């Protein structure tokens, strides 16, 4: 079993102490996102093939990674570094610091442990195609040698995403739009070449219809990469968390509406105010990321 920590929230940035307590305990509880009923997830080393950490700020978790490794868990860090204006990412760490932290992960554990995510790509008057080309180029050059892969996606505009983008646009005097596939693919073709020039394979997450020559389908939860990291065979099946997802099967232990990064394009947060309030009430001693202590 591969543990995903987490596509629903940023555990390394905000919930690292909870994560480590759960690894020491050998289990956690997670909520079914539909029924909202808790279920038990084993975190015993013999039950876990590896862990995929998803984050925009691995810095607070750097001190915990040696213990994760010592406990026998192979891990991969999917690290998003967008370098967007504050109007889009209100509380994300400075991209220069994020790059330094990512480089530190690669230096300590190898470049196969780190995957850079430039994700999602948002088109706005603050971040038009020209911005992405220049910004991606700067970040790719800064991360050269730290990873062999960059994953991208274009913003998925759910109703809550559109609402949050509209609110932010009105407050910060910008406009946003969802361009046709041809424009997205034209930009992607440029990013493919930039990535290749910096020793990276560009992969597209959950949007197969937008893959251009030179790009590949992303497997963000990748059993084969975890095999390389951990040096042991992993029996896992391809089963993404939704129809277009190319990942191997995982068990996600996070919870929606708990990430206080304040990214206005986020699919996992209905309201930044709600996420901030849930983060404040978090109890690191709980079995459940967002719940009272020891509900099991």
Check: Just one of the numbered conditions (1) under 28 Å from residue 98 (Cα atoms); (2) free of Cβ contacts under 8 Å to residues at least 60 places away in the same chain is not true of residue 238; which one?
Finding: (1)
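Look through 257, 283, 290 and report the one residue that is on the phi > 0 side of the Ramachandran plot and assigned to a loop (DSSP other than H, G, I, E, B).
257
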Note to self: Please verify whether residue 168 is closer than 29 Å to residue 59 by Cα and either at pLDDT 95 or above or part of a helix (DSSP H, G or I) (or both), treating the condition exactly as stated.
What the structure shows: yes
Next item on the list: Would you check if residue 134 is surrounded by fewer than 20 Cβ atoms within 10 Å (Cβ to Cβ), without any contact (Cβ under 8 Å) to a residue 12 or more places away in the chain and under 22 Å from residue 179 (Cα atoms)?
Entry: yes
Check: From 246, 199, 230, 262, which residue is under 24 Å from residue 165 (Cα atoms), surrounded by fewer than 22 Cβ atoms within 10 Å (Cβ to Cβ) and in contact (Cβ under 8 Å) with a residue 40 or more places away in the chain?
Finding: 262
Next item on the list: Looking only at the range 66-81, decide whether some residue is under 27 Å from residue 210 (Cα atoms) and more than 20 Å from the chain's Cα centre (by Cα).
Entry: no
Next item on the list: Tell me which residues, restricted to the range 153-165, are assigned to a helix (DSSP H, G or I) and surrounded by 14 or more Cβ atoms within 10 Å (Cβ to Cβ).
Entry: 160, 161, 162, 164, 165
Check: What tally of residues in the range 31-63 results from selecting those that are surrounded by 21 or more Cβ atoms within 10 Å (Cβ to Cβ) and in a strand (DSSP E or B)?
Finding: 6
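Looking at residue 100, is it free of Cβ contacts under 8 Å to residues at least 24 places away in the same chain and over 27 Å from residue 227 (Cβ atoms)?
yes
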Item checked: Failed condition for residue 187, given (1) under 26 Å from residue 134 (Cβ atoms); (2) buried (at least 20 other Cβ atoms within 10 Å of the Cβ); (3) within 21 Å of the chain's Cα centre (by Cα) -> (3)
Check: Could we say that residue 55 is more than 16 Å from residue 229 (Cα to Cα) and modelled with pLDDT under 95 here?
Finding: no
Item checked: Candidate set: the range 122-131, residues that are touching a residue at least 24 places away in the same chain (Cβ under 8 Å) and surrounded by fewer than 20 Cβ atoms within 10 Å (Cβ to Cβ); chosen: the one farthest from residue 81 (Cα to Cα) -> 125
Item checked: Residues satisfying the stated conditions in the range 95-125, i.e. under 23 Å from residue 204 (Cα atoms) and in a loop (DSSP other than H, G, I, E, B) -> 110, 111, 112, 113, 122
Next item on the list: Among the residues of the range 257-289, count how many are touching a helix residue (DSSP H, G or I) at 6+ places or on another chain (Cβ under 9 Å) and under 25 Å from residue 205 (Cβ atoms).
Entry: 17
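The values are calculated or read from the model by the stated rules, or taken from the named source; none is laboratory data. Model, not experiment: these values are computed from the prediction. Cβ sites come from the backbone with ideal geometry, for glycine too, and all protein chains shown count toward neighbours.
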